[in-house]
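Presented below is the structure to which this report refers.
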Amino acid sequence: MVLCAILLAQLYAANLQQAMDSLMGNRAGAAVALDVDSGRILAHYHLKVAAQRLAPPGSAVKPFTLLALLSSGSPTRAIVCRRTLQIGGRQMDCTHPASPDPLDAVAALAYSCNYYFASVARGLRNSDLMETFTRAGLTSRTGLYAEEAVGEIIPPASVEARQLLALGEANIRITPLEMVFAYRKLALQRNLPPTVRNGLKAATEYGTARLARPAGVAVAGKTGTALDPASGQAHAWFAGYAPADSPRIVLVVFLEQGTGGRDAAPIASKLFQVALPAP
C-alpha cells in the first residue's frame, strides 16, 4: 500500500511537471506549484527565476490589502466605481464591467477594482499595509531555494504612494516564490475572513481570474498585471489555490510579458486540471 501511494505520488508529480514545461514552453517567466499541507514543491519552471526575480505584484496583492483593511477595523463599505483614476500622474482606470451599483469588497476583489482599493487605501495607515504584507511573507525567504532574493517594500511617503502600494503597482517588489508562499498561507488559514475567501472564489467564478478555473474544479485566486519600470513592459501574474474549500495545491504563474487574465490565468487553469482532474 505504501509503495503504491509513493508510485502514484511520483506519477502525479511527473505529469504536473510535464504539463508545466509544455504550457510554459520557452516563455520568459516562472511557475511554481506547491503542496498546500507540506509546502513541498510539486512542479516548477525556471525555479531560479522564481527565487530571484523581483517584480511589482500588481493586483495579485489586493487580497492582502483587503486583509489590512479588515485588520485595521475600518468598515468594508460598498463604493460606486467612477472608473477613471489617476494616482500621482499614473492613469489607473478600471477595466471591469461598468455598473451604477456600489461594489462591495467581494465584488471589488473579484473585479479587481482599482478605484475601490485606491479609495479604501486613503483611510489606512502606512503601517497597516506594511505590517500585513510583511506578515503574509511577501518580504521573507521561503527556504525553497538556496540563493533567494528578498522582496522589498518602500514605506509610502504620501497618500498617492500608499494607494499605489495597495494596488501592487509601486513601492513593492517581490519574487514568485514569495507570492506562492503568501498564497499558501491564505490557503492554510482556517479563520481567513469570509470577505477575502469569497472574493478570491468570485474572482475565478465571474471576475478577472475566471479563465483560471477549469471545469469541475473550484479555484480561489487572483490575477495581476503590472508595469515593470525597468523594462517598460507589462508582466502577468496568477496566484491561487484549489480546491477552493479544501486546498491541496497552490500555484503561481509569472510571465515577463502579458496580462494576468488573458495570459497567466489560462495556463493556471490547465495546470489545475492536470493536478486535480474532475472525477
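Leu192 satisfies every condition listed in (1) in a loop (DSSP other than H, G, I, E, B); (2) open to solvent by 10 Å² or more (accessible area, probe 1.4 Å); (3) modelled with pLDDT of 95 or more; (4) among the aliphatic types (A, V, I, L, M) except (2). Against the test of being over 19 Å from Ala244 (Cβ atoms), open to solvent by 20 Å² or more (accessible area, probe 1.4 Å) and touching a Phe, Trp or Tyr at 6+ places or on another chain (Cβ under 8 Å), the options Leu167, Leu138, Leu144 yield a single qualifying residue, Leu144.
For beta carbons closer than 6 Å, sequence separation of 6+ or different chains, a first residue in the range 96-112 that is under 17 Å from Pro63 (Cα atoms) and a second that is of a type in the set (Gly, Ala, Ser) and assigned to a helix (DSSP H, G or I), the qualifying pairs are Val106/Gly199; Val106/Ala202; Leu109/Gly199; Ala110/Gly199; Ala110/Ala202; Ala110/Ala203; Ser112/Ser59.
Residue-by-condition table, conditions (1) polar (S, T, N, Q); (2) open to solvent by less than 20 Å² (accessible area, probe 1.4 Å); (3) at pLDDT below 95; (4) outside any loop (DSSP other than H, G, I, E, B):
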site: Leu34; (1), (2), (3), (4): no, yes, no, yes
site: Gly39; (1), (2), (3), (4): no, yes, no, no
site: Ala43; (1), (2), (3), (4): no, yes, no, yes
site: Lys48; (1), (2), (3), (4): no, no, no, yes
site: Ala51; (1), (2), (3), (4): no, yes, no, yes
site: Ser59; (1), (2), (3), (4): yes, yes, no, yes
site: Lys62; (1), (2), (3), (4): no, yes, no, yes
site: Thr65; (1), (2), (3), (4): yes, yes, no, yes
site: Pro75; (1), (2), (3), (4): no, no, yes, no
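Here Ala202 clears all of (1) surrounded by fewer than 24 Cβ atoms within 10 Å (Cβ to Cβ); (2) under 26 Å from Gly151 (Cα atoms); (3) hydrophobic (A, V, I, L, M, F, W, C) except the condition numbered (2). Restricting to the range 235-275, and then to whatever is modelled with pLDDT of 95 or more, open to solvent by less than 10 Å² (accessible area, probe 1.4 Å) and of a type outside the set (A, V, I, L, M, F, W, C), can you tell me which residue is nearest to the chain's Cα centre (by Cα)? The residue in question is Gly240. Whether any residue in the range 105-117 is outside any helix (DSSP H, G or I) and modelled with pLDDT under 95 is what I want to check. No: the range 105-117 contains no residue that is outside any helix (DSSP H, G or I) and modelled with pLDDT under 95.
Yes/no matrix, rows are residues, columns are (1) touching a helix residue (DSSP H, G or I) at 6+ places or on another chain (Cβ under 9 Å); (2) without any contact (Cβ under 8 Å) to a residue 60 or more places away in the chain; (3) farther than 25 Å from Arg141 by Cβ; (4) among the aliphatic types (A, V, I, L, M):
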| position | (1), (2), (3), (4) |
| --- | --- |
| Pro193 | yes, no, yes, no |
| Val196 | yes, no, no, yes |
| Ala203 | yes, no, yes, yes |
| Thr225 | yes, no, yes, no |
| Asp228 | no, no, no, no |
| Gln233 | no, yes, yes, no |
| Ala242 | yes, yes, yes, yes |
| Ala275 | yes, no, yes, yes |
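Restricting attention to the range 205-234, which residues are more than 21 Å from Gln257 (Cα to Cα), surrounded by fewer than 24 Cβ atoms within 10 Å (Cβ to Cβ) and hydrophobic (A, V, I, L, M, F, W, C)? Matches in the range 205-234: Ala215, Val217, Ala218.
The values are calculated or read from the model by the stated rules, or taken from the named source; none is laboratory data. Every value quoted in this text rests on a predicted model; they were computed, and no experiment measured them. No Cβ is skipped: glycine too gets one built from the backbone with ideal geometry, and neighbour counts run over all protein chains shown. What goes into the accessible areas is simple: the full protein's heavy atoms, side chains included, and nothing from ligands, DNA or RNA. Shrake-Rupley method; radii C 1.70, N 1.55, O 1.52, S 1.80 Å.
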